[in-house]
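To start, the structure under review is shown below, and the notes come after it.
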Amino acid sequence: MLLRDQKTIGNFKRINITTSKQMAVDLLLGLQWGDEGKGKIVDVLTKDYDIIARFQGGPNAGHTLEFDGIKHVLHTIPSGIFHKEAKNIVGNGVVIDPVIFQKELENLASFKIDFKSKLLISRKAHLILPTHRLLDAASEAAKGKAKIGSTLKGIGPTYMDKTGRNGMRVGDLEMSDWKKKYRALADKHQSMVGFYNVDIQYDLEELETAFFAAVDKLKALTFIDSEQYLYEAQKAGKKILAEGAQGSLLDIDFGTYPFVTSSNTTAAGACTGLGIAPNQIGRVLGIFKAYTTRVGSGPFPTELFDNDGETMGRVGNEFGATTGRARRCGWIDVVALKYAITINGVTELMMMKADVLSGFKTVKICNSYQYKGATISHFPYNVEPKNVRPNYIEMPGWEQDLTKMLDVTQLPENLMNYIIYLEEVLEVPIKIVSVGPDRTQTIYR
Ligand code: IMP
């Protein structure tokens, strides 16, 4: 609300304007190539927030949460859904596949969640049509060896339609002619699939039957003008956490293009994906693993092809939560992390999966690159292996099993040295050390 204090000066009116206070919005983002463990941390932090709002990506994400001995994977639904009080918002920057969304809702049936009041969907979020998935498959198949390694959930084609101003939005489903719009777009997509000249087998009728049934389920939920909802919530003093998907190195602008996803996974994406003004951002929580992983194609300077990489993958159970693909593994990359921290304005860090590194005699940290004959400490335009070689420092590892540790004082000295070194070079405090997938395996510093 604007408070006006008017004083007349000659013919002019001087207006003193005071804006009333809004609660800042905190952000939570992945700093690597995704799969950092954002779902677990959002779930752990939700008790401190009234609203959890997803701001980009779609069912390419797989946010894993574990509690009471059961593992849950969410794709589109925000990770605050298991908490009684929190509202969960799917923001305008998210792309929704109604079929996958419906399956997610079905998987949560036993929790008896009142979705109508707890799960609110932005009218401006775009819809993934069955033909978007076909286009994704055709585009990837046509790329051959140069394929992105997409999750094939139709993400790229849906964001292309969004920026190309052809997309269908959740709000369209409230219009009487939405099926006409759907048909025109789906027909266009079908002819585009033909242009790729690849063999894609599909039964569109079957896909559409499932799609229309899922849309009916989606329409039973609550659609909102989420930017207005969030603005009013902020003014009412509600605490909001914006939940990112994927990771900063998959950002469409700042990631390892073209091996990236099609949205802004970085802090700016929270502004556009929720309608939050930049000056309303509060804490920026950056999540990273104690090592690095990547799923899909693209450069990865610290990737390991030896037993160490194999051990990280096996102990860390590094398989994609959405596609089941084995993730590529490597040592921690401080150059890439610093880049992500800078772009996002990270104010505090959370280190995940420290327990996976237990048992390594030494641990390595990449703190610069050899790049075209010189040593550099910034993330360059091109990080292809032919240009970039990682320089490492080595530190003594730790043997102890961390998974039952409850307090920072129990952490082994060599792990503490690793943490302190990272804090010094990254210049941001590490506030949480996660030592296992369960909610309870979380150590606060
Ligand atoms: P898309 O977003 O499905 O098109 O995939 C583009 C690239 O991002 C591929 O390399 C995917 O493996 C990767 N990717 C997309 N979503 C995730 C995620 O949630 N975690 C990790 N990698 C992802």
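The values are calculated or read from the model by the stated rules, or taken from the named source; none is laboratory data. As the structure is a prediction and not an experimental result, all values here were calculated from the model. Positions of Cβ are generated from backbone atoms using ideal geometry, with glycine treated the same way; all protein chains shown enter the neighbour counts. Surface accessibility is based on the protein's heavy atoms, side chains included, excluding ligands, DNA and RNA. Shrake-Rupley method; radii C 1.70, N 1.55, O 1.52, S 1.80 Å.
Overview of results
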{"quantity": "Residue 235-residue 47 FRET efficiency (beta carbon distance; Förster radius 25 Å; 0.05 resolution)", "calculated": "0.65"}
{"quantity": "Label point distance in nm, residue 84-residue 370, each placed 7 Å from Cα along Cα→Cβ", "calculated": "6.0"}
{"quantity": "Dipole magnitude of the chain about its Cα centre (Cβ charges: Lys, Arg +1; Asp, Glu -1), debye to nearest 20", "calculated": "1340"}
{"quantity": "Label-point separation in nm, residue 319 to residue 192, each point 7 Å along Cα→Cβ", "calculated": "3.4"}
{"quantity": "Highest-fluctuation residue, 217, 364, 21 considered, GNM on the chain with Cα pairs under 10 Å", "calculated": "21"}
{"quantity": "Residues of type lysines that residue 143 reaches as a straight line, Cα spacing below 18 Å, ignoring anything fewer than 8 places off in the same chain", "calculated": "153"}
{"quantity": "Apportionment of accessible area to carbon and sulfur, segment 338-445, percent (1.4 Å)", "calculated": "53"}
{"quantity": "Accessible area in square angstrom per residue, the chain, 1.4 angstrom probe", "calculated": "45"}
{"quantity": "Residues of type aspartates and glutamates that residue 71 reaches as a straight line, Cα spacing below 14 Å, ignoring anything fewer than 8 places off in the same chain", "calculated": "43, 104, 438"}
{"quantity": "Helix-only CD estimate at 222 nm, as mean residue ellipticity for the chain, using -39500 (n - 2.57) per DSSP H run (n ≥ 4)", "calculated": "-9000 deg cm²/dmol"}
{"quantity": "Heavy-atom accessible surface of segment 94-149: percent carbon and sulfur, 1.4 Å", "calculated": "57"}
{"quantity": "Two-site FRET efficiency, residue 306 against residue 68, from Cβ-Cβ distance with R₀ of 45 Å, rounded to 0.05", "calculated": "0.75"}
{"quantity": "Alpha-carbon centroid distance for the pair segment 296-313 / segment 216-257, whole angstrom", "calculated": "32"}
{"quantity": "About the Cα centre, charge dipole magnitude for segment 157-313 (Lys/Arg +1, Asp/Glu -1 at Cβ), debye", "calculated": "740"}
{"quantity": "Stretchable slack from residue 174 to residue 201, in nm (0.36 nm times residue separation minus alpha-carbon distance)", "calculated": "6.5 nm"}
{"quantity": "FRET efficiency estimate (nearest 0.05) - Cβ-Cβ, residue 107 to residue 400, R0 30 angstrom", "calculated": "0.25"}
{"quantity": "Members of 38/162; 238/431; 145/219; 21/162; 47/162; 112/239 lying beyond 30 Å, as alpha-carbon distances in this model show", "calculated": "145/219; 21/162; 47/162"}
{"quantity": "Karplus-derived 3J(HN,Hα), 6.51/-1.76/1.60, for each residue of segment 282-295, Hz, glycine and proline x", "calculated": "x, 6, 10, 8, x, 9, 9, 8, 5, 9, 10, 9, 8, 10"}
{"quantity": "Kirkwood Rh (inverse of mean 1/r, distinct Cα pairs), the chain, angstrom", "calculated": "23.0"}
{"quantity": "Fully extended contour minus Cα-Cα distance, from residue 183 to residue 141, at 0.36 nm per residue", "calculated": "12.6 nm"}
{"quantity": "Listed peptides 49-58, 254-263 by packing density, highest first (mean Cβ within 10 Å)", "calculated": "49-58, 254-263"}
{"quantity": "Highest to lowest packing among 313-321, 325-333, scored as the average C-beta count within 10 Å", "calculated": "325-333, 313-321"}
